[in-house]
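*Asks:* Below: one structure in structure tokens.
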Amino acid sequence: MSAPSAPPAIEIERVSFAYPDGTAALSEVNLTVAPGERVAVLGPNGSGKTTLVLHLNGILAPTSGRITIEGICVEPGSLAEVRRRVGVVFQDPDDQLFMPTVGQDVAFGPANLGLSGDALSRRVLGALDRVGLAGMQTRAPHHLSFGQRRRAALATVLSMDPNVLVFDEPSANLDPVARRELAELIVELGHTTVIVTHDLLYAAELCPRSVILDDHTIVADGPTAALLADSDLLGAHRLELPRCVTLSGLYPGG
């Protein structure tokens, strides 16, 4: 008898969401992400990209529809486990770094799960090592460069040992070297990854697959290179590659 197949890492089924004032943000969104996939979420401002990914660990709850993470329905009774499995790295690292030292920030999540002593120390040092910040646990976050703070924010997520990583505009405000280093790190980590970005080249470099969100729903889903080569599609949804850029040599898929 063959082993049962693993459930999707992420399954979003007919999800709609409206804010308390009635403003619609998502409408009948469907999306399935397989374990190990890297998927970019593209779209113009106000299309609902960040709203969508904040549903993945229960920060927001859908008005209607259903979301599952590795077969676990995202609902009030499962939020602790869902938030262990799904780590969100926000656009502004200062939203995640609030303790006096980097080490204390990275320890905060696993300590609240009950980890302590040597086990907690190993978890903190391991997470910092994975993001290239070994030896910086006693540094104050505000003494780090912006790129280092973004990696420290990622370490606070990795210390929870998640299976799914979600990044909101990861390349924003990074210099070219920090941008490249973060891209290499994301690939090296090998997690199921969802990246919200306006940076179409970053999407092409990192994600074999992309979806375009506009008017609060997914209007396109396919290989990133194919979507970005469709100038009519991009134009219809206020997306644009930098001038004089071709997709030759960027992420080929697979």
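The values are calculated or read from the model by the stated rules, or taken from the named source; none is laboratory data. Here the structure is a predicted model, which means the values were calculated and not measured. Heads up, the Cβs are rebuilt from the backbone with ideal geometry, glycines too, and the neighbour counts pull from every protein chain shown.
*Asks:* For residues in the stretch 34-82 being assigned to a helix (DSSP H, G or I) and touching a residue at least 60 places away in the same chain (Cβ under 8 Å), which is surrounded by the most Cβ atoms within 10 Å (Cβ to Cβ)?
*Replies:* The extreme case among them is LEU52.
*Asks:* Scanning the stretch 1-23 for residues that are exposed (fewer than 14 other Cβ atoms within 10 Å of the Cβ) and either in contact with a helix residue (DSSP H, G or I) (Cβ under 9 Å, 6 or more places away or on another chain) or part of a strand (DSSP E or B) (or both), which turns out modelled with the highest pLDDT?
*Replies:* So the first thing to find is which residues in the stretch 1-23 are exposed (fewer than 14 other Cβ atoms within 10 Å of the Cβ), and the list is 1-6, 14, 19-23.
Subsequent filtering for residues that are either in contact with a helix residue (DSSP H, G or I) (Cβ under 9 Å, 6 or more places away or on another chain) or part of a strand (DSSP E or B) (or both) retains 14, 19.
On the way: ARG14: 98, TYR19: 91.
Looking at residues that are exposed (fewer than 14 other Cβ atoms within 10 Å of the Cβ) and either in contact with a helix residue (DSSP H, G or I) (Cβ under 9 Å, 6 or more places away or on another chain) or part of a strand (DSSP E or B) (or both), I get ARG14.
*Asks:* Would you check which residues across the stretch 159-176 are assigned to a strand (DSSP E or B) and either over 18 Å from ASN45 (Cβ atoms) or in contact with a His (Cβ under 6 Å, 6 or more places away or on another chain) (or both) and list them?
*Replies:* Residues of the stretch 159-176 assigned to a strand (DSSP E or B): 164-168.
Residues satisfying the conditions are VAL164, LEU165, VAL166.
*Asks:* Here's something else I'd like to know. I want to confirm something. Restricting to the stretch 224-238 and keeping residues that are surrounded by 15 or more Cβ atoms within 10 Å (Cβ to Cβ) and part of a helix (DSSP H, G or I), which single residue is nearest to the chain's Cα centre (by Cα)?
*Replies:* Applying the filter and picking the extreme gives THR224.
Residue by residue, here is whether (1) crowded, with 23+ Cβ neighbours inside 10 Å; (2) modelled with pLDDT of 95 or more holds:
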residue: ARG123; (1), (2): no, yes
residue: VAL131; (1), (2): yes, yes
residue: LEU165; (1), (2): no, yes
residue: ALA172; (1), (2): no, no
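*Asks:* Go through (1) in contact with a helix residue (DSSP H, G or I) (Cβ under 9 Å, 6 or more places away or on another chain); (2) under 20 Å from ALA203 (Cα atoms); (3) surrounded by 22 or more Cβ atoms within 10 Å (Cβ to Cβ) and name the single condition THR156 misses.
*Replies:* Looking at each condition in turn, THR156 falls short on (2).
*Asks:* Take ASP221 and decide whether it is in a strand (DSSP E or B), among the charged types (D, E, K, R) and either touching a Phe, Trp or Tyr at 6+ places or on another chain (Cβ under 9 Å) or within 19 Å of LEU56 (Cβ to Cβ) (or both).
*Replies:* Values: in a strand (DSSP E or B): yes; among the charged types (D, E, K, R): yes; either touching a Phe, Trp or Tyr at 6+ places or on another chain (Cβ under 9 Å) or within 19 Å of LEU56 (Cβ to Cβ) (or both): yes.
Yes.
*Asks:* Pick out the one residue from ASP105, ASP118, ASP94 that is charged (D, E, K, R), more than 30 Å from ASN30 (Cβ to Cβ) and modelled with pLDDT under 95. So that I can check it myself, show each step before the final result.
*Replies:* Working: ASP105 fails: modelled with pLDDT under 95; ASP118 fails: modelled with pLDDT under 95.
Every option except ASP94 fails the conditions.
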